[in-house]
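The structure appears below as structure tokens.
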Ligand code: CP
Ligand code: NVA
């Protein structure tokens, strides 16, 4: 069956995914629809070789389980050649500039994935390589995560427009920021429940509100704001690179832990729990919640692979191969 967004011509060929700000609602919906089909193909056991003859550079400054494995298995199982490059392996801004590294990688690879610290690095890679570059997490954004998060929300509740997603925890981290962008674009009501000192940067908040397509963005320190939520989301209290802030965060964010009482505060038995993972059980979420019946964190982790495969198919000009 054709849906309104599959009738509209959407081509993402050659595009990078750096923040999601430059993706329209229609383009995001196109990726989500493609990801659903890619997941169905996988469940049906359809083996394809759509990335045969293609290469993907995977640069990692920070550790990863899901993002690395999603990119590597999605690309490799379709005949592509992913090449893992840690900062121990390449000269990225060390003995060679980011620009020059990007120029060379762009001559040898069809696409580049970057996970690291500075958003400026992934943006420079895109500018100078001239091939699609995927932001696999920086200090500022985690856009491929946000795609999997909305896919999971929609698997449970149908179209996300008008749904209520609450993020509780560090309201200025990469995951919270990317959720804010995607919710703004898709008209999802997004509530950030966080102490004032960890609230989003006001300029960033304004930018998201300006991009909002109908949904409301609410920032509050009050955990009672989970009332009516379709999904409650949290992330680690101290992100990678912030290990020295662990104690301070535990003090600030202790009251924001997702436990059964907080989940019950939604007033809905069908509310789901989401977490990008990895989780520190007993800190931002209790084991009972993340391992319990309301948790969809494991589906969400799996959906990283389907959304990332959809993204690579679309940006490498292969979305027509998905039916
Ligand atoms: N959610 C996520 O990005 O997981 P990894 O850090 O394991 O890649
Ligand atoms: N905010 C977390 C996300 C991990 C996927 C971090 O940056 O460490």
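FYI, it's all coordinate maths here, none of it is from the lab. What you are looking at is a predicted structure, and each value in this text was computed from that prediction instead of being measured. All Cβ positions, glycine included, derive from the backbone under ideal geometry; neighbour counts span all protein chains shown.
Taking 225, 297, 94 in turn, the Gaussian network model of the chain (Cα-Cα springs below 10 Å) assigns the largest fluctuation to 94. Ordering of 278-287, 301-310, 107-116, 243-252 by packing is 301-310, 107-116, 278-287, 243-252, highest average first (other Cβ atoms within 10 Å, averaged per residue).
Could you tell me the calculated FRET efficiency between residue 260 and residue 69, based on Cβ-Cβ distance and R0 = 35 angstrom, to the nearest 0.05?
E between residue 260 and residue 69, to the nearest 0.05, is 0.70.
Comparing mean-square fluctuations of 277, 147, 125 from a GNM of the chain with C-alpha springs under 10 Å, the top value falls on 277. Please determine, in degrees from 0 to 90 and to the nearest 10, the orientation of helix 202-211 with respect to the longest principal axis defined by the Cα atoms of the chain, where the helix direction is its Cα long axis. Between the helix axis and the principal axis of the chain, the angle is about 70 degrees.
Between the Cα long axis of helix 98-108 and the first principal axis of the chain there is an angle of about 60°, rounded to the nearest 10. Taking 59, 98, 272 in turn, the Gaussian network model of the chain (Cα-Cα springs below 10 Å) assigns the largest fluctuation to 98. Our summary gives the chain a relative contact order of 21 percent, counting only alpha carbon pairs under 8 angstrom and 6 or more residues apart. Across segment 9-136, Cα-Cα pairs farther apart than 22 Å form 38% of the total. Taking every alpha-carbon pair under 8 Å whose residues sit at least 6 apart, segment 204-323 reaches a relative contact order of 25 percent.
As an exercise, use a Förster radius of 41 Å and the Cβ-Cβ distance of residue 281 and residue 220 to find the FRET efficiency, rounded to the nearest 0.05.
According to the calculation, E is roughly 0.95.
On the beta carbon distance between residue 40 and residue 211, with R0 = 30 Å, the FRET formula returns roughly 0.50. Between residue 86 and residue 246, the modelled label-to-label distance comes to 2.0 nm, taking each label 7 Å out from Cα in the direction of the beta carbon.
Computed from Cα atoms, the angle from the helix 119-129 axis to the main principal axis of the chain rounds to 20 degrees. What the Cα atoms of the chain give is an Rg and a Dmax of 19.1, 56 Å.
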